[in-house]
Amino acid sequence: MKNARKIIFYNQKGGVGKTTSAVNLGSALAAMDYKVLLIDFDAQCNLTGAVSGDLRKANIYQIVVGDVPAASAVQATIFKNLYLIPGSLDVASLSIELVNENNREYYLKTVLESLETDYDYILLDCPPSLGLETMNALAWADFVIIPLQCEYMAMEGLNLIMRTINNVRKGGLNPKLKVLGILFTMYSKRALLNQQVVEDISEFFPDLVFKTIIPRSVRISEAPSHGLPINFYDKSNAGSKAFAELAKEVVSRVE
Ligand SMILES: Nc1ncnc2c1ncn2[C@@H]1O[C@H](COP(=O)(O)OP(=O)(O)O)[C@@H](O)[C@H]1O
Ligand SMILES: [Mg+2]
């Protein structure tokens with residue numbers, strides 16, 4: 001029997017590489033022969049498309065509101081070892097629908113519990129907000145990966161994220177939540193600011209930053225429109241190699 005490691009990709013900012021990291025880390029872990037479930041918990045549903053998922057089938061919204069049991073919404077993807085619970089536009093309305101419910105932060109945790117023994121890793125993609133959906137994700141997870149673009153104000157954004165995570169722990173929402181790592185994304189060697197940000201943040205959080213840095217690559221941005229993770233779209237690409245390295249680091253950190 002397995003006991004899944006539950007990881008979310010969290011940064012309240014949009015466009016920092018959350019979905020890209022979820023898809024490609026998931027696919028890299030699957031290539032290492034781990035059984036991986038991806039959950040698309042963003043109303044934009046980008047993750048679903050990126051692994052050629054079927055949006056017409058049962059989705060995460062229907063699970064959370066109790067219309068379908070979690071296991072019945074899992075779809076096998078065309079990729080070995082990689083499974084998916086698709087997203088839904090309706091996820092955006094959960095904040096409003098659940099607002100008067102007791103335990104409204106623990107819906108996700110409750111409905112997903114039965115899946116934990118079926119997978120080695122469950123990776124959940126968060127929306128770019130601090131709404132109730134994200135609170136549910138933070139309450140459910142074991143680990144947070146923080147994707148970070150190496151740009152102006154990155155440190156300020158990171159401090160805000162760390163403060164939120166500390167509040168989640170100390171406030172009791174999820175006392176066991178751990179930061180698995182800070183992941184630099186869309187890194188360009190030629191951009192001096194990128195280098196500076198990586199240096200500053202690595203100095204400040206030496207134990208938290210992943211050694212692997214995800215390079216900026218056109219191939220990474222093209223892959224989702226073909227419904228393929230980067231290791232299937234262009235295996236020899238530097239980004240594909242980076243996600244394979246990241247997967248090894250993740251495995252060594254969760255063990
Ligand atoms: N390493 C990368 N190189 C080039 N483009 C990237 C890279 N990572 C992400 N992108 C692109 O940047 C945009 C935002 O990434 P995404 O993963 O969707 O961010 P988020 O989920 O945080 O909003 C997308 O168009 C994506 O294809
Ligand atoms: Mg996204």
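The values are calculated or read from the model by the stated rules, or taken from the named source; none is laboratory data. Predicted model only: the values in this text are computed from it and were never measured. Note: ideal-geometry Cβ built from the backbone for every residue, glycine included; neighbour counts use all protein chains shown. Protein only, heavy atoms only, side chains kept; ligands, DNA and RNA dropped before computing areas. Shrake-Rupley method; radii C 1.70, N 1.55, O 1.52, S 1.80 Å.
Couple of notes before you dig in:
- Trypsin sites (Lys or Arg not before Pro) restricted to segment 143-223 and DSSP loop, no more than 13 other C-beta within 10 Å: Lys176, Lys189, Arg190, Lys211
- By a 1.4 Å probe calculation restricted to protein chains, Phe210 has an accessible surface near 0 Å², given to the nearest 10.
- Order by protection proxy (mean Cβ within 10 Å, highest first), peptides 29-41, 234-246: 29-41, 234-246
- Calculated FRET value between Val251 and Leu208, using beta carbons and R₀ = 22 Å, to 0.05: 0.85
- Candidate cross-link partners of Lys57 among the aspartates and glutamates, defined by an alpha-carbon separation under 14 Å and a same-chain spacing of 8 or more, comprise Asp40, Asp67, Asp90.
- Partner lysines for Lys176 [C-alpha distance under 17 Å; skip if fewer than 8 residues away on the same chain]: Lys6, Lys109
- Inter-site label distance for Asn3 and Lys189 at 7 Å from Cα along Cβ, in nm: 4.3 nm
- Mean residue ellipticity at 222 nm, helices only, the chain: -11000 deg cm²/dmol; runs of at least 4 DSSP H residues each add -39,500 (n - 2.57), and the sum is divided by the number of residues.
- Counted over the chain, the DSSP beta bridges are approximately 5% antiparallel.
- Ranking Met162, Leu148, Pro206 by how far each Cα lies toward the positive end of the dipole of the chain (charges on Cβ) leaves Pro206 at the top.
- Candidate lysines - alpha carbon under 21 Å from Lys241, same-chain residues fewer than 8 apart omitted: Lys18, Lys35, Lys80, Lys189, Lys211
- The 1.4 Å probe gives accessible areas that order Thr117, Thr77, largest first, as Thr117, Thr77.
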